[in-house]
Amino acid sequence: MKLFSSVKDVNDIKAIVQKALILKSNPFAYQELGKNKTLGLVFLNPSLRTRLSTQKAALNLGMNVIVMNMDKEGWALETQDGVVMNGSSAEHIREAAAVMGQYCDILGLRCFPKLQNQEEDYSEELFNKFVAFSNVPVISLESATLHPLQSLADLITIEEYRKVAKPKVVLTWAPHVKPLPQAVANSFAEWMSKAQQENLVDFVITHPEGYELAERFTSRTRVTHNQNEALQNADFVYVKNWSSYTHYGKILTDDKGWMLNNKKLEITNQAKVMHCLPVRRDLELASELLDGPNSVVIQQAGNRVWAAQAILKQILES
Ligand code: AN0
Ligand code: CP
């Protein structure tokens, strides 16, 4: 494996989940594998979980880790080719990525979308240029449109908590005050769609009108605007806000009726409640649920370590 940016970079999702769970039961079995290898984590945006879990995963494999908070400590980056750099950008992605590739055996990059131009964000120009110019294997730490380490951790969590062979998994939109990326939802849809094809889950998406995700991620998935209908018999409910894809980057509704709470949970099959975090309490998700017995959000965040470790191990081995 030389690139981890999407479910498409994984041959066998069932196998990678099993590998992650084996690492969870024996985290230090491959301390020699990463010896004298350096992981560089590059952040253009904030992070708690991705930053710490990926560092922890690398340390478990015996790697060295260096972190660059590009947004705060680096030079402002230019990504366009063919421009005279007489504006605010001090360094081009071509040199910046190539130099970081000199210092690291594997790089990770977090680069959120600007949410202004759909075509620009969905071209993943910045991420793709980073991959092209760094000349080392690259892991997405959440790009403009996808968050694969999160989705792998989500699938691990579903495997751990499922009570039936093929659980019903519902992705539900939640209200928010800020326009958020579609990346977590796109990525979850992409991974669950693959899992559904392999008969591992029954997957449904529910959101208000106007919040349709890009078709490439949802073409094989049932989508309904009726949240109550979607929640019926759900074994897992994945709560996430995203801004509109079609009315790009816009907030179209703040309907509080979409927030998952104990009353809505009654419709489900005692569903486990998931969220990638960070979560805004009593805006996106009722605190009674976050503090209640059905929430697995903390365990889900814990599984980020094993997701990252499984991917780093695969890259180190290849
Ligand atoms: C980000 C998002 O929705 O993509 C990161 C989530 C992992 N969330 C926020 O900006 C609150
Ligand atoms: N879930 C997640 O990626 O969290 P951070 O943004 O804190 O890394």
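Points worth noting:
- Within the stretch 239-251, the set of residues being surrounded by 22 or more Cβ atoms within 10 Å (Cβ to Cβ) and in contact with a Ser or Thr (Cβ under 7 Å, 6 or more places away or on another chain) comprises just one member, VAL239.
- Here TYR103 clears all of (1) closer than 21 Å to ALA308 by Cα; (2) more than 13 Å from ligand 2 (Cβ to nearest atom); (3) touching a residue at least 24 places away in the same chain (Cβ under 8 Å); (4) out of contact with any Gly (no Cβ under 8 Å at 6 or more places or on another chain) except the condition numbered (4).
This table checks each residue for (1) open to solvent by 30 Å² or more (accessible area, probe 1.4 Å); (2) closer than 26 Å to ARG110 by Cβ; (3) aromatic (Phe, Trp, Tyr).
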{"position": "GLN150", "(1), (2), (3)": "no, yes, no"}
{"position": "THR172", "(1), (2), (3)": "no, yes, no"}
{"position": "LYS178", "(1), (2), (3)": "yes, yes, no"}
{"position": "ASN186", "(1), (2), (3)": "no, yes, no"}
{"position": "TRP191", "(1), (2), (3)": "no, yes, yes"}
{"position": "LYS194", "(1), (2), (3)": "yes, yes, no"}
{"position": "PRO208", "(1), (2), (3)": "no, no, no"}
{"position": "SER219", "(1), (2), (3)": "yes, no, no"}
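- Selection count, the stretch 288-318, where residues are part of a helix (DSSP H, G or I) and either open to solvent by less than 30 Å² (accessible area, probe 1.4 Å) or not polar (S, T, N, Q) (or both): 21
- Qualifying residue in the stretch 226-238 (condition: under 30 Å from GLN116 (Cα atoms) and part of a strand (DSSP E or B)): yes
- The stretch 265-287 - residue that is under 18 Å from SER47 (Cα atoms) and under 15 Å from the mean Cα position of the chain (by Cα) and, of those, surrounded by the fewest Cβ atoms within 10 Å (Cβ to Cβ): PRO278
- Residue count for the stretch 155-170 satisfying the condition of being in contact with a helix residue (DSSP H, G or I) (Cβ under 6 Å, 6 or more places away or on another chain) and either assigned to a helix (DSSP H, G or I) or open to solvent by 10 Å² or more (accessible area, probe 1.4 Å) (or both): 4.
- The numbered conditions (1) within 16 Å of ligand 1 (Cβ to nearest atom); (2) under 29 Å from LYS250 (Cα atoms) are all true for SER53 except (2).
- Residues in the stretch 252-264 that are open to solvent by 30 Å² or more (accessible area, probe 1.4 Å) and touching a helix residue (DSSP H, G or I) at 6+ places or on another chain (Cβ under 9 Å): GLY257, ASN261, ASN262, LYS264.
The values are calculated or read from the model by the stated rules, or taken from the named source; none is laboratory data. Worth saying up front: this structure is predicted, and the values here are computed from it rather than measured. Virtual Cβ from ideal backbone geometry, glycine too; neighbours counted across all protein chains shown. Note: accessible area is taken over every heavy atom of the protein model, side chains too, but ligands, DNA and RNA are not part of it. Shrake-Rupley method; radii C 1.70, N 1.55, O 1.52, S 1.80 Å.
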